Amino acid sequence: MLKQWILAAVCWAATIALLVVALPADPDGVPLAALVAYGLFLLLAAADGARRGLRADPDTLALPAARRGLVLPAALVLVLVVPGGGTFAYGAARDEAVEQSLLDRLAAADTQVKQGEGQSFTSVESVYRQALATYQDIGAGHAGSRAAKQVPDRLVTYYKTVSAPYDKQDYCAAVAPLKHLRSLPDTVDRKLLGSLVGKADDPLAQSLFECGTRTIGSAGAENTSADQLNELSSTFPQSPYTQKVEPTLREGLRTRDKSVGIAPCDSTLELRRFRDTVSRLQGAGFGDLGQDTAATIQRADFGCGLDHFKKKEFDEAKSAMDDYVKAYPSSPQNAQARNVSIAAEIAGETPAAGNRVPSGDTADGSGQPMVVSNDGPGEVELLYTGPVTGRITIPACGGCKAYPTLLLPKGGSVKACSGSSSKYPKRTLMLPPGNYQMLQKRSGTTTSREVKKGSTTKIESGYTYTNCLYVTSLY
């Protein structure tokens with residue numbers, strides 16, 4: 001109307017600029033700075049147009065007089081209807097953009113859950129939690145959106161994916177993810193979870209039970225097994241799985257007790273780990289189980305020593321039986337354990353001593369006498385095994401010395417114990433008839449050719465035997 005085409009073009013350009021900034025619709029809307037700037041520009045344009053219109057000569061207006069009455073209605077349409085309709089249309093477009101953004105976020109969270117399939121929970125836990133936070137934000141923060149309506153189904157898929165180890169009966173791997181799923185009501189709206197609330201309780205109880213009872217006795221699982229079984233009893237005290245722990249462990253002990261006769265040494269290690277786990281379990285009912293386990297370990301320890309001896313592993317047999325005697329001083333098998341240790345030590349020098357497992361019999365004062373004298377420096381210990389097994393210690397001979405072999409005449413022999421019999425410390429053994437393997441162990445000398453010396457002796461009825469122990473040296 002005013003024929004101010006340049007100013008009109010400026011207004012059109014400002015509107016076009018606003019459209020460029022606003023379109024396509026963004027979830028965040030038009031930047032506030034752009035709206036404020038455009039609003040100020042409109043006010044200025046309106047004020048300037050009013051000023052120019054009020055001062056203009058009516059005869060110079062572009063419209064004929066008959067149409068000038070339409071100016072005000074047209075202005076109202078342009079000021080109210082067009083911007084209002086545009087705002088409404090833009091709001092609808094912006095809402096759709098928000099919906100699409102939420103759907104994109106939902107799809108991204110779905111991808112994160114999918115990526116966790118087949119991996120250990122601990123390695124992807126942070127990714128799972130990110131997806132879960134997205135589900136919670138969409139479901140609770142944008143409750144009326146199309147994406148929010150899909151969240152409950154997504155949470156069902158989430159549960160199935162995370163609990164996959166349980167479905168595969170990998171109970172130890174299932175414990176951590178099921179504990180996570182059980183805690184979902186702490187972080188996710190219960191309305192979104194629906195039937196998932198409490199769904200992990202029974203699977204978690206079963207996983208704690210299965211993992212705790214199956215791994216007990218395994219190397220390195222003592223603390224883990226005990227922690228899982230204790231968590232089961234404290235978290236689910238009324239669960240049927242809690243009631244099954246003690247009977248299941250007792251059956252496990254019976255199975256291990258049977259294996260003692262097959263592989264006692266291997267059984268000993270596993271039984272000790274089993275006992276360590278039982279000792280950590282909470283509840284008075286496990287005290288008797290611990291005592292029964294200790295009794296089985298004692299039997300396995302003794303069987304392990306015998307097994308080493310039968311396999312000619314004499315050093316291991318001696319060590320095992322010495323440990324047994326120390327660990328179980330009141331055991332009725334102590335006497336045999338000592339004898340097996342003695343026979344194993346003798347067998348290290350005289351292998352024939354390992355041909356039969358000695359009983360617990362010791363010299364009881366009956367049998368044939370053997371007088372053993374010490375014609376040498378230092379105390380000497382004599383070990384023997386045969387029909388009976390034992391050891392004696394003969395004190396050092398104060399005036400006795402080693403016999404120099406280089407000074408002997410050609411073909412000559414040592415004349416040991418040739419002095420007065422009262423000179424030599426002596427002990428008398430009463431040995432039942434039979435074949436004996438003996439081992440002398442001398443201490444307190446550095447001139448002896450052998451610290452240990454084995455020998456074989458046959459004892460017959462009706463005879464008295466003497467045995468002189470001495471030391472030789474080159475010079």
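See the values below:
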item: Residues Asp288 and Arg190, FRET efficiency given R0 of 45 Å [Cβ-Cβ distance, rounded to 0.05]; result: 0.55
item: Accessible area (Å², 1.4 Å probe, nearest 10) - Cys172; result: 60
item: Solvent-accessible area per residue, Å², over region 207-287 with all protein chains present [probe radius 1.4 Å]; result: 49
item: Spacing of the two label points (7 Å from each Cα toward its C-beta) at Asp315 and Arg214, in nm; result: 4.0
item: Extension reserve of the Glu117-Thr466 stretch, reckoned as 0.36 nm per residue once the Cα distance is removed; result: 117.4 nm
item: FRET efficiency for Lys179 and Ala37, using Cβ-Cβ distance with R0 set to 56 Å, rounded to 0.05; result: 0.55
item: Calculated FRET value between Gln100 and Ser234, using beta carbons and R₀ = 41 Å, to 0.05; result: 0.30
item: Pair Ala45, Trp12: separation of 7 Å Cα→Cβ label points (nm); result: 1.1
item: Additional length obtainable on full extension of the chain from Glu381 to Ser359, 0.36 nm per residue less Cα span; result: 5.8 nm
item: Loop sites in region 154-222: trypsin sites (Lys or Arg not before Pro), DSSP, at most 10 other Cβ within 10 Å; result: Lys168
item: Accessible heavy-atom area order of Val151, Val127, highest first, probe of 1.4 Å; result: Val127, Val151
item: Exposure ranking of Thr362, Thr464 by accessible area [1.4 Å probe, largest first]; result: Thr464, Thr362
item: Inter-part distance where region 162-209 and region 326-359 are each reduced to a Cα centre, Å; result: 56
item: Accessible-area order (highest first, 1.4 angstrom probe) of the listed residues His180, His308, His142; result: His142, His308, His180
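The values are calculated or read from the model by the stated rules, or taken from the named source; none is laboratory data. Because the structure is a prediction, the values reported are computed rather than measured. No Cβ is skipped: glycine too gets one built from the backbone with ideal geometry, and neighbour counts run over all protein chains shown. Ligands, DNA and RNA are excluded from the accessible area calculation, which covers all protein heavy atoms including side chains. Shrake-Rupley method; radii C 1.70, N 1.55, O 1.52, S 1.80 Å.
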